[in-house]
Amino acid sequence: MLAGMDRIVIVGAGQGAAQCVEGLRRRGYGGELTVIGDEPVLPYQRPPLSKKYLAGELPVERMLLRHEAFYAEQRVAMRTGRRVMRIDRDSRRLHLDDGAVQDYDALVMATGSRPRSLPLEGVDAPGVHVLRTMADADALRVEAAAGKHAVIIGGGYIGLETAATLRQLGMEVTVLEAADRVMNRVVAEPVSAYYHHEHTHHGVTIRCGARVNGLRTDANGRIAAVLTDAGEVLADLLVVGVGVVPNDELAREAGLDCDNGILVDERCRTADPLIYAIGDCSNHPSMHYGRRVRLESVDNAFEQAATVAANLAGVDTVHNRVPWFWSDQYHHKLLIVGLAAGHDRVVLRGEPASHSFSCCYLREGELIAIDTVNNAKDQMAARKLIAARFRPDPAKLADASIALKDCGG
Ligand SMILES: Cc1cc2nc3c(=O)[nH]c(=O)nc-3n(C[C@H](O)[C@H](O)[C@H](O)COP(=O)(O)OP(=O)(O)OC[C@H]3O[C@@H](n4cnc5c(N)ncnc54)[C@H](O)[C@@H]3O)c2cc1C
């Protein structure tokens, strides 16, 4: 354990925080450990919020990453329902929203991200929802009634997962996407086309190229319609899913460098050697891709948490990982390994009509990322191959009967 680290405090009680606590204790950190989070619940899994939890298929107890007894046993002070308002780095002290203060020797920022809001009048009206917290999902579920019409602005992961779930709950669903295809930021064209088709097949209306320019409320002030260039879309409820912004203000106000997240090094440490940042709020140098990235995934939050726990326990560790993401829509499993930005070629493996296929992204002959749909074999092989800077033969790659690992040029 590093000398002088008697009190470690984690700000934010989400996915990364829970993992950091576990990692620290597993590595034998025996000092004081405090987690301060502004949600009223213990850390829970966020992905089911748009999937099984929203569908009412997962009770709260099964959402929790660890139960109260675990934190008690591990001597972790969980201060939930409390917000950190200010970091005083000179005195190593946090100021909380109830006027309390909390001293630290090392600080881990795990504040996550929050939904980006739309600059439209009416966005705060009753019936307009975002989906980030358990409270958001609860509020949406209360209003989700069969036969009513839900409009979703944003055809990214969260918008589409929410569309699938609301449809399963019997709602009429329309997705309005500004780009010319769904999930255009994160998957290749054949994957977008596949999911567009699947949603349509399940009765969801998807309008790409939709330009939303206003919201209309009814006489009671409740959302009634979304106004687009192509006309009005009536809405009993509206879900806005247009991406997230990192919660980096606290760090910024404390004088730490931020640029689309809190800037950290490969050990997840900020320029202040006593302060680390992990998960959605952090922006780190990807050693594999040679550029800074800010990732929004459970895997990233967990891995960065493990890196910080190791470093705080005195084991020098760098975060060097090929990232991966998943999305569940209906019974389809989308798994994305790596980062596709900068690719110069996409090779399709398998037939979308078979419901199991992949899209491989190449840059100057190297496999840099892959989207896999219901294709666990490719997904499992891809992590190692991408990390090893695999250079496949595109012709072999296009032949799905050849195992990915045997596609070398
Ligand atoms: C609906 C939904 C579905 C998702 N599905 C997937 C998926 O399928 N696969 C996947 O890999 N990822 C998914 N994600 C993303 C994933 O959940 C996040 O990447 C992950 O939760 C990030 O963990 P984190 O610890 O950085 O932040 P979070 O888990 O968001 O935790 C941050 C916590 O800090 C709190 N906080 C912020 N500021 C303060 C403050 N000043 N004081 C105290 N507390 C504060 C926040 O309220 C929050 O509770 C999904 C996210 C959502 C919202």
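The values are calculated or read from the model by the stated rules, or taken from the named source; none is laboratory data. All values reported here derive from a predicted model rather than from experimental measurement. Quick reminder, even Gly has a Cβ in these numbers, built from the backbone with ideal geometry, and neighbours come from all protein chains shown.
At-a-glance table
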read-out: Exclusive hit being over 26 Å from Asp138 (Cα atoms) and surrounded by 21 or more Cβ atoms within 10 Å (Cβ to Cβ), set Val191, Val239; value: Val191
read-out: The range 250-270, residues that are in a loop (DSSP other than H, G, I, E, B) and closer than 19 Å to Leu312 by Cα; value: Val264, Asp265, Glu266, Arg267, Cys268, Thr270
read-out: Unique match (being modelled with pLDDT of 95 or more and assigned to a helix (DSSP H, G or I)) among Glu232, Glu198; value: Glu198
read-out: Counted residues, the range 355-376 - those being under 22 Å from Tyr157 (Cα atoms) and not in a loop (DSSP other than H, G, I, E, B); value: 12
read-out: Identity of the residue in the range 88-129, more than 25 Å from the chain's Cα centre (by Cα) and assigned by TED's automatic domain parsing to the domain that holds Val142, that ends up farthest from the ligand (Cβ to nearest atom); value: Glu121
read-out: Wholly within the range 1-87, helices (runs of 4 or more DSSP H) carrying at least 2 residues that are in contact with a helix residue (DSSP H, G or I) (Cβ under 7 Å, 6 or more places away or on another chain) and not assigned by TED's automatic domain parsing to the domain that holds Thr307; value: none
read-out: Members of the range 297-314 that are surrounded by fewer than 17 Cβ atoms within 10 Å (Cβ to Cβ) and at pLDDT 95 or above; value: Asp299
